[in-house]
Each structure stands twice: as structure tokens, then as C-alpha cells.
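Notes for the one structure printed next.
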Amino acid sequence: MFLELSQLEVRYPGRARAAVAQVSLGLRAGDIGVLLGPSGCGKTSLLRAVAGLEPVAAGAIRLSSRVVSQAGRVVPPEQRRMGMVFQDYALFPHLSIADNVGFGLAPLSREARSARVREVLGLVGLEDAQGRFPHELSGGQQQRVALARALAPQPDLLLLDEPFSNLDVELRERLAHEVRGILKQAGATALMVTHDQLEAFAIGDVIGVMQDGALHQWDDAYSLYHRPSTRFVADFIGHGVLLPASLSGQGEALRVHTPLGDLQDLSECPLPTAYPGGLCDVLFRADDIVHDDASTVKARILRKAFRGSEFLYTLSLSTGETVLAHVPSHHDHAVGEWVGIRPEMDHVVTFARLPAA
Ligand SMILES: Nc1ncnc2c1ncn2[C@@H]1O[C@H](COP(=O)(O)OP(=O)(O)OP(=O)(O)O)[C@@H](O)[C@H]1O
């Protein structure tokens, strides 16, 4: 692993709870990692610790197997060969784009510096902007300049702190895709913080979901969505609900009884002995529920949200539970109508029931 965090803990004076608690993860060279989570979950504290801007209370941060942070010892940021991109671009307003990008290249000769500036501005698609000033560029262009400036000295690791949060929602996801392309072309290893899951999915090879300082899962986007390892991840990523279910039998006779009927495809399903009395909760994603007029399971439409090619229906079952379903938008039913639905899932994701409150 290029970047390795082991049992990392970050604490602030006077705060009883750790801002980052026992986080372990590894990022391979050339990979883009993303830390995702709600406000206050500790992602910025973790990024700042990796940058060397925050001391660590316990555990260690290693870069290329060398310890750069542990309790009582922090290699300063300037000795870590890292680049940083912040949400506010932090460009120098009185310097031209070329001078902004060349700022960290002082040790190079004038020729080498301007060649490198041209090269990285080419990488971010702004080779023609060299002589312009930051205020003459759009927000998205300024952020690409900030990226070029961070990449210019060829850092070992690039850290990005909510780099798109000052941009329009539509621009964010597009820029995230573009930045991914740029980082891959530069062969950069990067760690980014965001609270926006579409951004995280667009840019990350591996994504960590954090809550209350803890890292719940460090995985690719597909696994976070389809194989969430905790209830929090299941709830935080994508649309879905957890419904009470019971497991019975084993082998071919293994059954999952749910309010939507018995589930057929049981790959990855634990045995009934995994839960007391075989009672558990099962995750139903909106795309696990198919609209089927022939189905005996009926649900009433509570709400519907138009998403272009599909509707996101919120449905109430006759048993009282609420489920979500993505339905192609040519099936345009009215709120209050009863429609047939059936589950269609690739695999079953189960969690232990929460103790009754
Ligand atoms: N300098 C500080 N001093 C004391 N407590 C802090 C400090 N910085 C952050 N915290 C606390 O540490 C916890 C984690 O904060 P952090 O900024 O890392 O979260 P975050 O996930 O990045 O949130 P956001 O998305 O809102 O920036 C929070 O409870 C926060 O109040």
C-alpha cells in the first residue's frame, strides 16, 4: 500500500469523543480514495492528519512504508511531498494563471518551469489561459487551475478537500469525472473528502464511509451499494429500506420470508442460525423492487418523484411497511393508486434486528 492508516485516532483538546476513531485503511499507488460521510463525521480531520496538519493521538500514518505520523511525532507537511486542493481554490488573485501554476516550481530553471506549467495546464485543458488572471475564469476553470498547481511539482500524494462544493450541482459531477481522467493521466495517487455520494462515485476507485469518527466500510462503489457492511452504509448510500424478515430451512430449502413474499435468489444469504430465531432485517434497494401488475403483492403509491427515465415511487404495503421502487417513467401511475410489485434481487443483504426501543 502507498498510504496506510492503522488504528488512527485524532482528538481535539477539550473534546471527550475522538474526531477520528481507530481508522485503518490502505490506498494503492495510482488509486483515488474518497472519504464520504455526513457533516462532522471526521473526514476533514482525517485528511488533515494525513497532510501532517493535525497531530495524531494514537495509531500511525505510513507513506511508502515510512511512518509520517504517530503519537508524539509528526513529519511536517512540507516534508511529505503532498499537493493540496481546497474548496475555495486558494489561487493568488494578482498572479497570472501561469504564475499561479508555477508557484511551487521555484527550484526549476525558468525554461523547465514554463515547460512544466504548459504541460499541466494542457493536462487540465487550459493551455490557452496562461496569461489570464483568476477572476477572468469560471469557478470550474479556477478549480482546474488549482488542480494544475497542485500537480505541477509531481507530488507523491494529492489531497482534495471538498474541491467541488463551491460549484453548481450539475457542474460538480461532470468536473469530478474530468478530474478523475486528469488524475489517472497524471498517474497521481489521491485522497479526497466529500459529502456528496455522486461525486464520490464519479471519482473514487475506493470509497470510505465515515460516521462519528469511525470508518464503516472502505470499498468500491458497487460493493458499498450492493454489499453494505453496516446498517449505516445501507442507509447512507443510495435509496432503500430495511424490512423485517425471517430465515428458515437450509441448502435448497433456505427461505427468506419478507412482507414482499418469499425471496427466491438466495446467494450470499446467511443461515437462520446467524440470527436469534432466524429473525433479521433485509435491505431492499429501490431497484430491487419491480413493478408487475400480475404480482399478488400490492402496494399503494404514497409519493412519486420524476427522475427523467424513471420514477422513484414511495409505496405503502398492506402490512404497513414503506418501500421504494424505481419504475420506468412510461409506467405513470397516480398517487393513491394500488400497483403490483415483486422483489427481484441478485443477492440478499441482511442485518441483525435493532433491539426494540
Ligand atoms: N479544531 C477543532 N477543535 C475542536 N473540535 C473540532 C475541530 N475541528 C473539528 N472538530 C470536531 O471534530 C469532529 C469532526 O470534524 P470534521 O471537521 O473532521 O468533520 P467533517 O466530516 O469534515 O465535517 P464537515 O463536512 O462539516 O466539514 C466534529 O465533531 C467537529 O466539531
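Nothing in this text is a laboratory measurement; each read-out follows from the coordinates by a stated rule. Not measured: the values here are computed from a predicted model. Methodologically, a virtual Cβ is constructed for each residue, glycine included, from the backbone with ideal geometry; neighbour enumeration extends over all protein chains shown.
The table below gives the values:
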| quantity | calculated |
| --- | --- |
| Hits among lysines - C-alpha to C-alpha of Lys43 under 29 Å, sequence gap 8 or more where chains match | Lys184 |
| Cα-projected label distance for Glu344 with Ser316, points at 7 Å along beta-carbon direction, nm | 2.7 |
| Theoretical FRET efficiency, 1/(1+(r/R0)^6), r = Cβ-Cβ of Ser267 and Arg110, R0 51 Å, to 0.05 | 0.25 |
| Average projected area [Cα convex hull, the range 4-114], square nanometres | 9.2 |
| Unit charges on C-beta of K, R, D, E only; dipole of the range 72-138, Debye | 380 |
| Share, in percent, of DSSP beta bridges within the range 40-174 that are antiparallel, nearest 5 | 60 |
| Calculated SAXS-style log₁₀ I(q)/I(0) at q = 0.11 Å⁻¹ - the chain, Debye, Cα scatterers | -0.86 |
| The range 239-352 pair-distance distribution - Cα-Cα, 5 Å bins, rounded % | 2, 12, 23, 23, 16, 12, 7, 4, 1 |
| Label-point separation, Thr296 to Asp88 (7 Å along Cα→Cβ), nm | 6.3 |
| Extended-chain gain in nm, criterion 0.36 nm per residue less alpha-carbon gap, Gln154 and Arg227 | 22.7 nm |
| Whole-Hz ³J(HN,Hα) from phi, Karplus 6.51 cos²θ - 1.76 cosθ + 1.60, for the range 109-117, glycine and proline x | 5, 4, 5, 5, 5, 5, 5, 5, 4 |
| Per-peptide average of other Cβ atoms within 10 Å, ordering 150-156, 294-300, 306-312 highest first | 150-156, 294-300, 306-312 |
| Cα centroid separation, the range 205-280 to the range 19-74 (Å) | 29 |
| Additional length obtainable on full extension of the chain from Glu136 to Leu53, 0.36 nm per residue less Cα span | 26.7 nm |
| Distant-in-sequence amide H partners of Leu158 (H built 1.01 Å from N, under 5 Å) | Gly83, Thr189, Ala190, Leu191 |
| Cut-off under 5 Å, modelled amide H: who pairs with Arg227 long-range | none |
| Mean Cβ count within 10 Å, highest first, over the residues of peptides 76-84, 228-236 | 228-236, 76-84 |
| In sequence order, calculated HN-Hα J values of the range 282-299 (Karplus, 6.51, -1.76, 1.60; Hz; x Gly/Pro) | 10, 7, 10, 6, 4, 8, 8, 10, 10, 6, 8, 4, 7, 6, 7, 7, 10, 9 |
| Per-residue ³J(HN,Hα) for the range 314-322, Karplus 6.51 cos²θ - 1.76 cosθ + 1.60, θ = phi - 60°, Hz, x for Gly and Pro | 9, 10, 10, 7, 5, 7, x, 6, 10 |
| Extension gain (nm, one decimal) between Gln79 and Glu127, 0.36 nm per residue minus Cα-Cα | 14.3 nm |
| Between 0 and 90°, nearest 10: helix 139-151 axis offset from the chain longest Cα axis | 60 |
| Alpha-carbon centroids, the range 282-357 and the range 76-104: separation in whole Å | 48 |
| Paramagnetic label zone (point 7 Å from Cα along Cα-to-C-beta, His333; backbone N under 16 Å) in the range 284-308 | 286-306 |
